[in-house]
Amino acid sequence: MAFGGFHPVSGVDLPRFAGIATFMRLPHITFDDPRLSEVEIGLIGVPWDGGTTNRPGPRHAPRQLRDCSTMVRFQNGATKVRPYDLARCADLGDVGPNPADVADSLARITAFYDKVRDAGIIPLSAGGDHLCTLPILRALAKDRPLGMVHFDSHTDLFHSYFGGFKYTHGTPFRRAVEEELLDPKRVCMIGIRGSAYDFEDRDFADAVGIRVIPIEEFHARGVDDVMAEAREIVGSAETYVSYDIDFVDPTFAPGTGTPEIGGPNSFQALQVVRALQGLNIIGADLVEVSPPVDPSGGTAFLGATILFELLCVIAESKALKLAA
């Protein structure tokens, strides 16, 4: 059944280019809206890239992703999932960051997600750079460490940048392990590639038990085999999914700050998300789409489609848990 006012506006009733853009054309619900208590999955923008070390621009992604998401319809053409029939979904708006202060922005993001968590809403977020994930995890993992499936071309496990600065988009998961937000033995990183200054990040992963699957192994084994291992690693316990758009080859997703060649194609980018079906996902994000270097808008459209695939998996998993 469809959940009344929580269903998207149809392109048959209002053209997709008309109206105020929200994620998937869903209703925009704020924290003071009485309908908040009914929301089960909240789509959230995190327009902040204060951790970027190369090409800036992901702060502009939530707006463009909302616009591109107006093209997404109600049903998944491959899996047949109709997420809005399975869960009450809404656009919860944007976190208001402080573009001049990294520490303040991290605190603001965590405070926003504290409210989301307290409301019992599963967040599906659109960044922003990958440092955005750390403050989200600080809210969601306050009581216990989480597992994580991480799609990326970089591990983001470095200790620090530029003489000891610990908070960039290359460090969030090092901090998350140190702060016991993630259980490293339940973390799987997929698609890692590119040149390197050293192997500090890989050495840390090996030391704490994080499973890193390089892109060469991904291509050699194939999506099904790799994702079966990822599912086994995280198991049935609570899991977060973090998807950096630079996981995808820049032929298909050029609009990102630190592209790396040799990645998956756009179809594989969707396949890996579909293979998450049935996991106990308590939150997910898509990060590092950078509109200023995405003149065609193709990267953002792929990003919006990945968000929909994540939404389908989360909604179906939630429905299965309720039925169990």
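The values are calculated or read from the model by the stated rules, or taken from the named source; none is laboratory data. Keep in mind that what you see is a predicted model, and the values were worked out from it rather than measured. With ideal geometry, Cβ positions are generated from the backbone for all residues, glycine too; neighbour counts draw on all protein chains shown. For accessibility, only protein heavy atoms count, side chains too; no ligands or nucleic acids. Shrake-Rupley method; radii C 1.70, N 1.55, O 1.52, S 1.80 Å.
Name the long-range amide H neighbours of I122: under 5 Å, sequence gap of 5 or more, or other chain; modelled H, no Pro or chain starts.
Here I41, G42 satisfy the definition.
Once the convex hull of the alpha carbons of segment 40-130 is built, what does its volume come to per residue, in cubic angstrom?
Looking at segment 40-130, the number lands at 108 Å³ per residue.
Over all alpha-carbon pairs in segment 82-140, figure out the percentage whose distance exceeds 20 Å.
The share of Cα pairs beyond 20 Å in segment 82-140 comes to 27 percent.
For segment 200-324, what does the accessible surface come to per residue with a 1.4 Å probe? Please give it in Å².
Accessible surface, normalised per residue, equals 36 Å².
What percent of all Cα-Cα pairs in segment 185-235 falls into each 10 Å bin, going from 0 up to the bin containing the maximum distance?
Values per bin, smallest distances first: 24, 52, 23, 1.
Counting only residues 5 or more places away or on other chains, whose amide H sits under 5 Å from the amide H of V81 once H atoms are built in the peptide plane?
N76
Show me, for segment 257-263, the HN-Hα J-couplings you get by feeding each phi into the Karplus relation (A = 6.51, B = -1.76, C = 1.60, θ = phi - 60°), rounded to Hz, glycine and proline as x.
Karplus-based 3J(HN,Hα) across segment 257-263 equals x, 9, x, 9, 6, x, x Hz.
Accessible area per residue of segment 24-108 at 1.4 Å probe, in Å²?
Spelled out: the 1.4 Å probe surface of segment 24-108, per residue, equals 43 Å².
Apply the Karplus curve 6.51 cos²θ - 1.76 cosθ + 1.60, θ = phi - 60°, to the phi angles in segment 132-138 and return the couplings in whole Hz, x for Gly and Pro.
Coupling constants for segment 132-138: 4, 5, 4, x, 5, 4, 4 Hz.
Which order, highest average first, do 114-122, 146-154, 14-22, 191-199 follow once you tally other Cβ atoms within 10 Å for each residue and take the mean per peptide?
Result, highest mean first: 146-154, 114-122, 191-199, 14-22.
In sequence order, what are the phi-derived ³J(HN,Hα) couplings for segment 197-209 according to the Karplus relation 6.51 cos²θ - 1.76 cosθ + 1.60 with θ = phi - 60°, rounded to whole Hz, with x for glycine and proline?
Here the 3J(HN,Hα) series is 7, 6, 10, 4, 5, 5, 4, 5, 4, 4, 5, 9, x Hz.
Mind pulling the per residue volume of the convex hull built on the Cα atoms of segment 1-93? Å³ is fine.
In segment 1-93, the Cα convex hull volume per residue is 132 Å³.
Local charge sum around G127 (other residues, Cβ-Cβ under 10 Å, Lys/Arg +1, Asp/Glu -1)?
The answer is -4.
Net charge near M227, counting Lys/Arg +1 and Asp/Glu -1 over other residues with Cβ under 11 Å of its Cβ?
Result for the local shell: -1.
Scaled to the compact-protein estimate 2.2 N^0.38 Å, what is the alpha-carbon radius of gyration of segment 51-204, rounded to two decimal places?
1.13
For a quick protection proxy, order the peptides 159-166, 225-232 by their average other-Cβ count within 10 Å, most packed first.
Listed from highest to lowest mean packing, they are 225-232, 159-166.
Percent antiparallel among DSSP beta bridges with both residues in segment 179-312, to the nearest 5?
10 percent
Using +1 at the Cβ of each Lys and Arg and -1 at the Cβ of each Asp and Glu in segment 1-57, identify which of L36, F3, T22 lies farthest towards the dipole's positive end.
It is T22, whose Cα lies furthest towards the positive end.
On average over all directions, what projected area in square nanometres does segment 235-284 have, based on the convex hull of its Cα atoms?
The number I arrive at for segment 235-284 is 3.9 nm².
With the radius of gyration and the Kirkwood radius both derived from the Cα set of the chain, what is their ratio Rg to Rh?
Radius of gyration relative to Kirkwood radius: 0.93.
Tell me the carbon and sulfur percent of the accessible area for the chain, rounded to whole percent, probe radius 1.4 Å.
54 percent
If you take every DSSP beta bridge fully contained in the chain, what fraction is antiparallel? Give it as a percent rounded to 5.
Percent antiparallel among DSSP bridges in the chain is about 5.
Once you have the alpha carbon radius of gyration of segment 184-310, what is it after dividing by 2.2 N^0.38 Å, with N set to its residue count?
Its radius of gyration relative to the 2.2 N^0.38 Å reference: 1.05.
Based solely on its DSSP helices, what 222 nm [θ] is calculated for the chain when runs of n ≥ 4 H residues each add -39,500 (n - 2.57) and the sum is averaged over all residues, nearest 500 deg cm²/dmol?
Calculated mean residue ellipticity at 222 nm is -10000 deg cm²/dmol.
For V212, enumerate residues with amide H under 5 Å from its amide H, sequence gap 5+ or separate chain, H modeled in the peptide plane.
Counting only residues 5 or more places away or on other chains, the set is M189.
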